[in-house]
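Below is one structure, written out as structure tokens, with a few remarks after it.
The values are calculated or read from the model by the stated rules, or taken from the named source; none is laboratory data. All figures in this text were calculated on a predicted structure; none of them were measured in a lab. Reconstructed Cβ throughout: ideal geometry from the backbone, glycine too, with neighbour counts over all protein chains shown. Surface areas here come from the heavy atoms of the whole protein model, side chains and all, with no ligands, DNA or RNA. Shrake-Rupley method; radii C 1.70, N 1.55, O 1.52, S 1.80 Å.
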Amino acid sequence: MKHTYLIILLIVSFFTMQAQKNKLNLVVGTYTKTCESRGIYVYEFDSNNANIRLKKSSDSIINPSYLSLSKGSKFIYAVKENGNESEVSSFGFDPQSGRMNLINSVNSKGADPCYLINDDTNVIVANYSGGNIAVLGKNADGSLTEAKQVIQHFGKSVNSERQEKPHVHMVYFSPDKKYVLSNDLGTDKVFLYAYEPNASTEILTLKDSVSVKAGSGPRHLIFSKKGKFVYILQELDGSLTTFKYKNGTLTQIHETTILPNDFNGTTSAADIHITPNGRFLYATNRGDANTISIFKVLKNGKLKSKGQTSTLGKGPRNFVIDPTGKFLLIAHQYSNDIVIFKINKRKGTLKDSGQKIELCSPVCLVFSDEKKEK
């Protein structure tokens, strides 16, 4: 009898552990001035069935429109996108409860920060309206120092309304973290900086830059699974450019578009990601489209279009693929929701899961996996 009871207890414990293993924290950044939002929200997401449960929200903060989690998810770093009064904030984070506590905030050294990344030493920020990059130091307690370096971009391009000056839209580590890549929508350039995390002042040093098609407006990029290729999404014309990557240099090998042949509306490409197995790439288009494009990643790094599908909302700004590769979640800035799609791992196609989160102006989605280093 005791033996049978022990077996049952072990079976129950196993399935309980498996159930907990499938539950991840989904951390969401929002805009706070267009509707009622407290700023940052933490949800429990079940990667088995896409069930969602709200855990916590932050105290009211202004426009935490982009987030980055530290290694081990001990800290959350968030931009406070607020014109010339913009800041970057550090929060202590308890993954189990979802509770956040503000540690400190520092000046972003540029208007309207829209992207940030972090490692053990620094937080690196892309300031869109400021047209620059700021490197902030990190203390052992997760707090931020004032900027250790600010790099100002210069120039413009052919679109007089959107490219009248530099607009840095992204900073992104190379897989080996020896370089930081930066897309500048305003100058139609991608900059590649050598990265020395422990340097006192010259943390980033320009190694190279490449130009994309005039008027295209590079916004976001993603590396292929093995790091051999870089895919750059252009906001203004929907171009999607493939580069071969090696030691801080880019060589263009292919270009396609996220637009269908018969599309005549306004283009506003947004975000780009690849499935964990490296087989499929997705890119969102806002404007008049509100679609997500699907591409098969070929062995030579080029992309084969598999068409587009509706995102079932308005303003698909940011999206994320859960670590299991089962689900794709799209944040809609204007219809105020996060729609969850199920991914067909064999075909790459997307199907509405029937699950969604109603939330004011969600614009950044980040999964927290405490078992892995970020």
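Does Gly92 satisfy the condition of being surrounded by fewer than 21 Cβ atoms within 10 Å (Cβ to Cβ), of a type in the set (Gly, Ala, Ser), assigned to a strand (DSSP E or B) and at pLDDT 95 or above?
Details: surrounded by fewer than 21 Cβ atoms within 10 Å (Cβ to Cβ): yes; of a type in the set (Gly, Ala, Ser): yes; assigned to a strand (DSSP E or B): yes; at pLDDT 95 or above: yes.
Judged against the criteria, Gly92 is a match.
When you scan the stretch 190-207, do you find a residue that is surrounded by 20 or more Cβ atoms within 10 Å (Cβ to Cβ), modelled with pLDDT of 95 or more and over 22 Å from the mean Cα position of the chain (by Cα), even just one?
Taking every residue of the stretch 190-207 in turn, at least one turns out to be surrounded by 20 or more Cβ atoms within 10 Å (Cβ to Cβ), modelled with pLDDT of 95 or more and over 22 Å from the mean Cα position of the chain (by Cα).
Considering the stretch 95-118 alone, what residues qualify as being touching a helix residue (DSSP H, G or I) at 6+ places or on another chain (Cβ under 9 Å) and either open to solvent by 20 Å² or more (accessible area, probe 1.4 Å) or in a strand (DSSP E or B) (or both)?
The answer is Pro95, Asn107, Asp112, Asn118.
Only one of Tyr66, Tyr41, Tyr77 is aromatic (Phe, Trp, Tyr) and out of contact with any Ser or Thr (no Cβ under 7 Å at 6 or more places or on another chain); which?
Tyr66
May I ask you to say which residue of Gly248, Gly238, Gly215 is under 22 Å from Leu298 (Cβ atoms) and small (Gly, Ala, Ser)?
Gly238
I need the full set of residues from the stretch 265-286 which are crowded, with 19+ Cβ neighbours inside 10 Å and farther than 15 Å from Lys226 by Cα, in order please.
Listed by number, the residues that qualify are Thr267, Ser268, Ala269, Ala270, Asp271, Ile272, Tyr282, Ala283, Thr284, Asn285, Arg286.
Would you mind stating whether Ile124 is under 23 Å from Gly39 (Cα atoms), modelled with pLDDT of 95 or more, of a type outside the set (D, E, K, R) and open to solvent by less than 10 Å² (accessible area, probe 1.4 Å)?
So Ile124 passes the test.
Run down Thr311, Thr349, Thr324 and say which single residue is surrounded by fewer than 20 Cβ atoms within 10 Å (Cβ to Cβ) and within 18 Å of the chain's Cα centre (by Cα).
Thr324
Taking the residues in the stretch 230-248 that are more than 22 Å from Phe319 (Cα to Cα) and part of a strand (DSSP E or B) as candidates, determine which candidate is least open to solvent (accessible area, probe 1.4 Å).
That would be Phe243.
What about Lys304, is it in contact with a strand residue (DSSP E or B) (Cβ under 8 Å, 6 or more places away or on another chain), open to solvent by 20 Å² or more (accessible area, probe 1.4 Å) and charged (D, E, K, R)?
Answer is yes for this residue.
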